[in-house]
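Please treat every number below as a calculation from the coordinates, not as lab data. All of these numbers come straight from a predicted model, not from anything done at the bench. Virtual Cβ from ideal backbone geometry, glycine too; neighbours counted across all protein chains shown.
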Amino acid sequence: MNRQNATLRRAWSAWSLLALLTAAAAQERAPSPEAPAPQLAPPADVSDWQSRDDEGRWSLIVESLVGKEPGAIAQWIPFLARERAHRQLEWIITTRSLGTTDALTALFEADTPGWLRAAAWRVESLDSHNRDGAKTLIEKKPGLYVAWVQQHRAAVSLAAHKLADRLKEQNPALPAADVVERYAPPWTPADMYGPLAIAAAAQPLPQGRRAVQGMLYEQQVERAIDAMATRLRRPSGATDTLAKIAAGANERLALHAILAFSNLASNEVPDRALFGIAADTTRTTARREAAFLGATYGSPMRVFVHLHEVAKLPADPHWTTALSRLSELGNGFTVLHLRGIGARPSLTQAQSALLDAHAQKIDERAKIEVRDMTTRSRAWIEYAAYADLQCASIEGPLARWTIATLRGGLDQEQMRSTLEAIRDQYEADPEATTLFGDLGQRVREYAKRVLE
């Protein structure tokens, strides 16, 4: 499975869980898992569309997609192409992933001034389908692309450079300079991410129809967030910027920023800060739920331990979300943990049933995982070592399960050599701080205990 596509799939999962919550609280767009796009008619009143400016038209598109599948935006593309709404097509390309390949094709077929920069942007897309689609169109006009990159060498991405260098080896005919000058230059970081630095000043678009010059609108900040979240490479400080918006006063933008974290790599997600927002009773329910879910895409060690702690507390407002995420992230220890909680006489019948359902789901996967523990051994030892050094309530049972389970798999191929490498060479991430002790040392000690 392509790593970037896996990231996108987990992102759509996160958006799906919060779709109704986000729409009700902030009228947000909440994509959900990949599925065939529903039939979404373009605006019936063309005069209404034409009476709006660019921001008003984008507002109309976005409002129509609330609660819809991400692929629903594809229904707009033929309409936008007919209306020559090239600005909106470019915004779709830079902010959306699923169901949007035709947007770039529409710009290419119309030979718009912006199609080259849109294609070059897509070469850095998080989604491999979008990257491949952009390359396919570029390869139809290799000489034009090479000449355009040469003209804007300092402003295009490394990936765009590499593609141009590869195409240049084919010796394509290069167009005259005046032909290349017809096409728009690449977007600058200020073009794409500028609104993020001043997000606190953003306002709702008046009646969703027309922008006032000099004003910053929420949907402009949302586009900047989405542009950053759907890229393979993000600007320096991206995580801090999103975290600041997530903790800011604007509820709509906070939710949008929090949900964007589900697109990022786990080491980019500020899970501690997000768990803090989730625990803050002065925040709205919507933001707390979004923050808790967003945090669960952070450090696997911290998330694993935290979810098991929350699972012990049926009265916790995030209990059901914790169980849902454990269904995806848990292992054999989680099965024992949930069944132990489910045996409590104080639980309601519904709570016991929910715990049992999640335990069964995890157990089915866990029975397969123990057949090949070599690839999982490092993570499982990290979980146990981290729980130990945090003095988590699960540290004892988790340590015993981890050591016993991994010892039972020592006869599996490369298992012993893998554990020996962990024992002798493991170094912890400097960011992986704990309450007590050195994580690297404790991980190495656990590997040694398994091998004894």
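General remarks:
- Given their separation in residues at 0.36 nm each and the Cα-Cα distance between them, Arg371 and Asp429 gain 18.1 nm when the chain is fully extended.
- Ser51-Glu109 FRET efficiency (beta carbon distance; Förster radius 25 Å; 0.05 resolution): 0.40
- Spin-label model, Cys391/Arg209: points 7 Å from Cα along the beta carbon direction are separated by 6.3 nm.
- Each of Ile403, Val443, Ile422 was placed along the dipole of segment 318-450 (beta-carbon charges, centred on the mean Cα), and the one lying farthest toward the positive end is Ile403.
- For Leu205, the amide hydrogen comes within under 5 Å of the amide hydrogens of Glu218, Gln219, counting only partners 5 or more places away or on other chains and with H modelled in the peptide plane.
- Distance (nanometres) between label positions extended 7 Å along Cα→Cβ at Thr282 and Glu251: 1.6
- Label-point separation, Arg378 to Leu336 (7 Å along Cα→Cβ), nm: 2.5
- Paramagnetic reach from Gln441 in segment 354-395 [backbone N under 17 Å; point 7 Å along Cα→Cβ]: 385-391
- Mean Cα-pair separation over length for segment 268-451, i.e. relative contact order, pairs under 8 Å, 6 or more apart, %: 17
- Across segment 106-205, Cα-Cα distances exceeding 24 Å account for 25% of all pairs.
- Selection from Ala74, Gln170, Ala246, by position along the positive dipole direction of the chain (Cβ): Gln170
- Segment 307-367-segment 398-452 distance, computed between alpha-carbon centres (Å): 26
- Residues in segment 147-154 carry Karplus couplings, in order, of 5, 5, 5, 4, 6, 10, 3, 6 Hz; the curve used is 6.51 cos²θ - 1.76 cosθ + 1.60 with θ = phi - 60°, and Gly or Pro positions show x.
- Dipole of segment 223-367, positive direction: furthest Cα of Val303, Leu255, Ala286, with charges on the beta-carbon: Leu255
- Evaluated over the chain, the count of Lys pairs having alpha-carbon atoms less than 24 Å apart is 8 (only pairs 8 or more residues apart or interchain).
- Database remark: amide H of Arg231 closer than 5 angstrom to the amide H of Leu126 (H placed geometrically; neighbours at sequence offset of 5 or more, or on other chains; Pro and chain starts carry no H).
- The coefficient of translational diffusion for the chain, derived via Stokes-Einstein from the alpha carbon Kirkwood radius under 10 °C and 1.306 mPa s, stands at 65 µm²/s.
- Charge dipole magnitude, Cβ of K and R +1, D and E -1 - segment 203-258, Cα centre, debye nearest 20: 200
- For segment 268-451, the Kirkwood hydrodynamic radius comes to 17.1 Å, computed from all pairs of different C-alpha atoms.
- The calculated FRET efficiency for the pair Ser266 and Glu452, based on their C-beta separation and a Förster distance of 25 Å, comes to about 0.20.
- Taking the Cα centre of the chain as reference, the dipole from Cβ charges on Lys and Arg (+1) and Asp and Glu (-1) amounts to some 240 debye.
- From phi via Karplus (6.51, -1.76, 1.60), per-residue ³J(HN,Hα) for segment 235-250 in Hz, x at Gly/Pro: x, 4, x, 4, 4, 5, 5, 5, 4, 5, 5, 4, 9, x, 7, 7
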